[in-house]
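Data block below; observations after.
The values are calculated or read from the model by the stated rules, or taken from the named source; none is laboratory data. Note that the structure is predicted; figures quoted are calculated from it, not measured. Every residue, glycine as well, gets a Cβ built from its backbone with ideal geometry; the counts of neighbours run over all protein chains shown.
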């Protein structure tokens, strides 16, 4: 196997460009890559489209700001595609005041849109959202007496992910529920950058434990501060 390049967080941030669609793994911050996101914040890159399950926690009064919330706070995204924003008061404010475009997508639909892109599918049918605002502007198809919405695949330019263990080839293992959107996003993006808490030699990982194969990974970043992961 060919070893993947191990780069710094700063170098990783330089690979993310204005105007790109950036997918960030995580569920309420669990599984998000904190050091990659901190470097992206420091780089100050703007005008990106964010695809994520949520926008992390943003409750400054309780000192709870995590995940991609640190980037939302700096208005680094002109558009956000996500399943809920209930834990982030800042993105709610940006949406209501028209500062950031926010597209809310049912969580299962969002996951399947990303998976469809990774699997090369042209789209899929789902009953979720039929008869609601989710249906607006979408094609409705009736099959066997039931109505479905045609949803399209969602591709990304860059994925920023967090793994518990990676080998030098880029095979990944995740920490339990921190897996969440990571494997799907790795399949759906052109460039995949992974912050790994541990990087081991090729052959040290049990193949049965590999969740994301090396073919989907482009760059690795070693976690420096495990206490803050």
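Read through the list (1) out of contact with any strand residue (DSSP E or B) (no Cβ under 7 Å at 6 or more places or on another chain); (2) within 23 Å of residue 187 (Cβ to Cβ); (3) surrounded by 20 or more Cβ atoms within 10 Å (Cβ to Cβ), then give the number of the only condition that residue 39 fails.
Checking residue 39 against (1) out of contact with any strand residue (DSSP E or B) (no Cβ under 7 Å at 6 or more places or on another chain); (2) within 23 Å of residue 187 (Cβ to Cβ); (3) surrounded by 20 or more Cβ atoms within 10 Å (Cβ to Cβ), the one that fails is (2).
Which ones in the stretch 23-59 are outside any loop (DSSP other than H, G, I, E, B), more than 17 Å from residue 107 (Cα to Cα) and in contact with a helix residue (DSSP H, G or I) (Cβ under 8 Å, 6 or more places away or on another chain)?
The answer is 34, 35, 36, 37, 38, 39, 40, 41, 42, 43, 58, 59.
Just name the residue that is farthest from residue 33 (Cα to Cα) out of those in the stretch 199-223 that are assigned to a strand (DSSP E or B) and over 17 Å from the mean Cα position of the chain (by Cα).
Selected residue: 200.
Tell me the residue from 186, 196, 163, 178 that is within 10 Å of the chain's Cα centre (by Cα) and either farther than 22 Å from residue 48 by Cα or part of a helix (DSSP H, G or I) (or both), please.
186
It is to be established whether one or more residues within the stretch 95-102 are touching a strand residue (DSSP E or B) at 6+ places or on another chain (Cβ under 6 Å), in contact (Cβ under 8 Å) with a residue 60 or more places away in the chain, part of a strand (DSSP E or B) and within 21 Å of residue 21 (Cβ to Cβ).
Checked the stretch 95-102: no residue is touching a strand residue (DSSP E or B) at 6+ places or on another chain (Cβ under 6 Å), in contact (Cβ under 8 Å) with a residue 60 or more places away in the chain, part of a strand (DSSP E or B) and within 21 Å of residue 21 (Cβ to Cβ).
Against the condition surrounded by 14 or more Cβ atoms within 10 Å (Cβ to Cβ), more than 16 Å from the chain's Cα centre (by Cα) and under 20 Å from residue 37 (Cβ atoms), how does residue 168 come out, does it pass?
So residue 168 does not fit the description; no.
When the residues of the stretch 112-126 are narrowed to those that are assigned to a helix (DSSP H, G or I) and touching a helix residue (DSSP H, G or I) at 6+ places or on another chain (Cβ under 6 Å), which ends up farthest from residue 184 (Cα to Cα)?
In this case the residue turns out to be 117.
Give me a count of the residues in the stretch 156-173 that are in contact with a helix residue (DSSP H, G or I) (Cβ under 8 Å, 6 or more places away or on another chain), touching a residue at least 40 places away in the same chain (Cβ under 8 Å) and closer than 17 Å to residue 215 by Cβ.
Residues flagged as in contact with a helix residue (DSSP H, G or I) (Cβ under 8 Å, 6 or more places away or on another chain), touching a residue at least 40 places away in the same chain (Cβ under 8 Å) and closer than 17 Å to residue 215 by Cβ within the stretch 156-173 amount to 9.
With the condition kept exactly as written, say whether any residue in the stretch 84-99 is crowded, with 17+ Cβ neighbours inside 10 Å, touching a helix residue (DSSP H, G or I) at 6+ places or on another chain (Cβ under 9 Å) and at pLDDT below 95.
The answer is yes, given that some residue of the stretch 84-99 is crowded, with 17+ Cβ neighbours inside 10 Å, touching a helix residue (DSSP H, G or I) at 6+ places or on another chain (Cβ under 9 Å) and at pLDDT below 95.
Residues in the stretch 43-58: is at least one more than 15 Å from the chain's Cα centre (by Cα), under 24 Å from residue 178 (Cα atoms) and surrounded by fewer than 16 Cβ atoms within 10 Å (Cβ to Cβ)?
no
Hey, does the stretch 157-165 have a residue that's at pLDDT 95 or above and more than 24 Å from residue 194 (Cβ to Cβ)?
no
Looking only at the stretch 127-138, count every residue that is surrounded by fewer than 16 Cβ atoms within 10 Å (Cβ to Cβ) and in a helix (DSSP H, G or I) and tell me the total.
So the count comes out to 2.
From the residues in the stretch 194-215 that are surrounded by fewer than 24 Cβ atoms within 10 Å (Cβ to Cβ) and touching a residue at least 60 places away in the same chain (Cβ under 8 Å), which one is nearest to residue 153 (Cα to Cα)?
Checked the stretch 194-215; the qualifying residue nearest to residue 153 (Cα to Cα) is 214.
Under 6 Å by Cβ, and 6 or more places apart or on different chains, what pairs join a residue from the stretch 29-54 that is in contact (Cβ under 8 Å) with a residue 40 or more places away in the chain and at positive phi with one that is surrounded by 20 or more Cβ atoms within 10 Å (Cβ to Cβ) and in a strand (DSSP E or B)?
31/162
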